[in-house]
Amino acid sequence: MTEATSPIPTRAASAGRLGWLEGKLSWIMLGLAGLLLPLLDDSYMGTIATRAYIYWVLSAGLNLVVGYAGQIAIGWVSMLTLGAYTTAALAAGRVGAEWNPYLALIAGGAMGAVFGVIVGLPALRLRTFYFAMTTLGFATIVTQVALAWKDVTGGGVGTPGPVFPWPFDPGWGFYYLCFILAALATWMTANIGSSRYGRALVAIRDAEVAAEACGISKPALLMMVFLLAGAMGGIAGGLFASLQSYITPDAFTFEMSVLFFIGILIGGRGSILGPALGTLILTVLPEFAAPLVQWSTFLYAALLLLIVLVIPGGIADLLDYKNRRPIEQHREIVPRPDLLARVLGRQDGRTLIALKAIALHFGGVKAIDGLDLEIRGGEVHGLIGPNGSGKTTTLNVVSGYYKPHAGALTIDGANLAFEQPHLRALHRIARTFQTPRVVGAASVLENVMIGGTVHGHGTFTESMLSLPRHRLDEKALEEAAMLALSTVGLESLAAVRADRLQHSELRFVEIARALMLRPACLMLDEPAAGLSAEEIRRLGGLIKAISRVGTAVLLVEHHADLIFDICDRVTVLNLGKVLAAGTPEEIRSHREVVSAYLGA
Ligand code: ADP
Ligand code: MG
């Protein structure tokens, strides 16, 4: 490992201590304002601030669902209702003995957690608006049950909210309870947001197929997030019941649900600070413009329209001044294949992926028609053929997206299941896409770190609480991602938002992300499309070097020069069938291939 000494820049080194302070400054200021507010001894302001904290406890959790995972959960007020009634009814002794209000609050959180998962389940099957409708429907049901179940909820007459005893008794004591819980909610969700789980959520939102190829399991992750958001909504509900001192079903309005949702949208997706400010603004605004209260729904809608039209990225985008700085115009991608041994680690180079008599048709179209193919460690295997000959479909079968109608697929003799794309990462099968699939709103470094998601050891809870294993994971992932970026020659763009990159650079970002798996098999779908001649030459060197470390490379390409330069074996497809297979020399002189595909 002689390369071990070559310098790889790290993000930490470039950001420095001031950068850290800058990132935390807004929070420190918000925290100080909250801590010192009681000094003003203005109980009206205190109540407004308390309300904002309570809403934020709910919105912070909902932010992971809406802002990070991109799920349109518009009826989340139902969690507030559930938590409020659970806490109030238990504390008032409407169900058995009177509970200690703090225990009742925890029960409210548990109730929210259970129903968060139940309401979230349809998100695994339903798309956007249909899911939004189910959350709204559930909110209506909860209100109706609250009206009807008079013994427990007091029906239309209502029930008193809990009064929390020492040390958080009504007034400033209760204010501090809400402040502490809001701070805790911020800290926990910020930890999630900046962990591999948060990046995975954003990947599911913006590049679901790529997320699966990186081994991210959408159902498991979404359920964790719905559970957390439900629990936080339930806790917020218990606090809300205490703030209101008396709750009736009409305290939980549709407008409130809209407030939570819009607060997150105007704050900006995938940010914590933005939605926190958004929620604060929406809570405080109607209070200071009292005559406007009855117009609040209209105001929210107008504000949302304004934000969507003027700053689609929301408040977070306004604050993200770093990404408005110009980046160097004439950039060059200079890969460093010498780093590959460190990126890929030890490869035995004996991987063997075998496709046997694979057949797959879409309706009447035979996309693959009895295909045999072997991809070996240490070799570049070229897959060429005219458009529509089944190349991408072959990749999709190997990476587990499609289930063929016949045939088998093995890696080192073991059968691979189909239609389980997120399990391929465990076999270290990585890929890139014909159209690059990256998370435009995340930085280049974060995009590459997504590729190593499965290498983390810390659980969701460990990340939420920033425990040691989480911090080790993050450090290792960041180092590995910087190394992968240096290898493909993009380390200087690590901190830049991916949607500011050129098309050719995105292709190399995808390769860096795929390298994060330390792949035994790497599949590249037309990686040279859209690259300049010089870039193609460098890409070729990089691909060849990857195979020489021991990885099996399957290369789908149209650039004949690249194929014949770097491939050890070539398979030519036509109409889903093998037209020819052999060494580059054999293919180049194959009469049918030349006449049908390569041209004279
Ligand atoms: P290539 O990558 O070689 O250009 P593809 O593998 O993308 O070709 O496509 C092979 C054939 O299968 C084409 O006729 C294409 O239209 C068809 N096909 C691919 N994917 C689908 C799909 N999801 N649904 C229907 N037809 C498809
Ligand atoms: Mg294709």
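The values are calculated or read from the model by the stated rules, or taken from the named source; none is laboratory data. Every value quoted in this text rests on a predicted model; they were computed, and no experiment measured them. FYI the Cβ positions are ideal-geometry reconstructions off the backbone, even for glycines, and counts take in every protein chain you see.
Selection over the range 555-569 of residues that are in a strand (DSSP E or B) and either free of Cβ contacts under 8 Å to residues at least 60 places away in the same chain or in contact with an Asp or Glu (Cβ under 8 Å, 6 or more places away or on another chain) (or both) gives a count of 2.
Residue count for the range 415-437, restricted to those that are surrounded by fewer than 24 Cβ atoms within 10 Å (Cβ to Cβ) and away from ligand 1 (no atom under 16 Å from the Cβ): 9.
Matching residues to (1) under 30 Å from L221 (Cβ atoms); (2) surrounded by 13 or more Cβ atoms within 10 Å (Cβ to Cβ):
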| site | (1), (2) |
| --- | --- |
| G116 | yes, yes |
| P122 | yes, yes |
| R125 | yes, no |
| Y130 | yes, no |
| A139 | yes, yes |
| G161 | no, yes |
| P167 | no, no |
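Inside the range 57-82, residues that are among the β-branched types (V, I, T), buried (at least 24 other Cβ atoms within 10 Å of the Cβ) and closer than 15 Å to A139 by Cα make up a count of 2.
Among residues of the range 321-346 being surrounded by 15 or more Cβ atoms within 10 Å (Cβ to Cβ) and either among the basic types (K, R) or in contact with a Gly (Cβ under 9 Å, 6 or more places away or on another chain) (or both), the one that is nearest to I543 (Cα to Cα) is P337. When the residues of the range 356-368 are narrowed to those that are of a type in the set (A, V, I, L, M) and within 14 Å of ligand 1 (Cβ to nearest atom), which ends up farthest from D565 (Cα to Cα)? Result: V365. Within the range 397-430, the set of residues being under 22 Å from the mean Cα position of the chain (by Cα) and either basic (K, R) or within 11 Å of ligand 2 (Cβ to nearest atom) (or both) comprises R424, R428. Considering only the range 586-593, I want to know if a residue exists there that is part of a helix (DSSP H, G or I), more than 16 Å from ligand 1 (Cβ to nearest atom) and in contact with a strand residue (DSSP E or B) (Cβ under 7 Å, 6 or more places away or on another chain). Scanning the range 586-593 turns up at least one residue that is part of a helix (DSSP H, G or I), more than 16 Å from ligand 1 (Cβ to nearest atom) and in contact with a strand residue (DSSP E or B) (Cβ under 7 Å, 6 or more places away or on another chain).
One residue stands out among those in the range 551-600 that are surrounded by fewer than 20 Cβ atoms within 10 Å (Cβ to Cβ) and under 35 Å from the mean Cα position of the chain (by Cα): the one that is farthest from V397 (Cα to Cα), which is H559. For the range 323-343, the count of residues that are away from ligand 1 (no atom under 16 Å from the Cβ), more than 30 Å from L531 (Cα to Cα) and not assigned by TED's automatic domain parsing to the domain that holds V209 is zero. Among residues of the range 369-414 being assigned to a strand (DSSP E or B) and farther than 24 Å from A520 by Cα, the one that is nearest to ligand 1 (Cβ to nearest atom) is D369. Of all residue pairs spaced 6 or more apart or on separate chains, none has beta-carbon atoms under 8 Å together with a first member in the range 376-397 that is without any contact (Cβ under 8 Å) to a residue 40 or more places away in the chain and a second member that is of a type outside the set (D, E) and near ligand 2 (Cβ under 9 Å from one of its atoms). Applying a threshold of 7 Å to beta carbon distances and a minimum spacing of six or more residues, or different chains, the list of pairs starting in the range 433-455 at a residue that is in contact (Cβ under 8 Å) with a residue 40 or more places away in the chain and ending at one that is in a loop (DSSP other than H, G, I, E, B) and within 16 Å of ligand 2 (Cβ to nearest atom) reads Q434/E526.
Considering only residues in the range 253-275 that are surrounded by fewer than 24 Cβ atoms within 10 Å (Cβ to Cβ) and outside any helix (DSSP H, G or I), the one that is nearest to the chain's Cα centre (by Cα) turns out to be R269. Considered as a group, the residues in the range 523-554 that are part of a strand (DSSP E or B) and within 22 Å of R346 (Cα to Cα) include one that is farthest from ligand 2 (Cβ to nearest atom), and that residue is A552.
Per the listing P436, P386, the residue uniquely within 16 Å of ligand 2 (Cβ to nearest atom) and modelled with pLDDT under 95 is P386.
In this structure, is F460 among the aromatic types (F, W, Y), over 13 Å from A210 (Cβ atoms) and either modelled with pLDDT of 95 or more or in the same structural domain as Q502 (by TED's automatic domain parsing) (or both)? Yes, satisfied. Just wondering, is there one or more residues in the range 509-522 that are more than 16 Å from ligand 2 (Cβ to nearest atom), farther than 23 Å from R346 by Cβ and part of a helix (DSSP H, G or I)? Yes, that holds for at least one residue.
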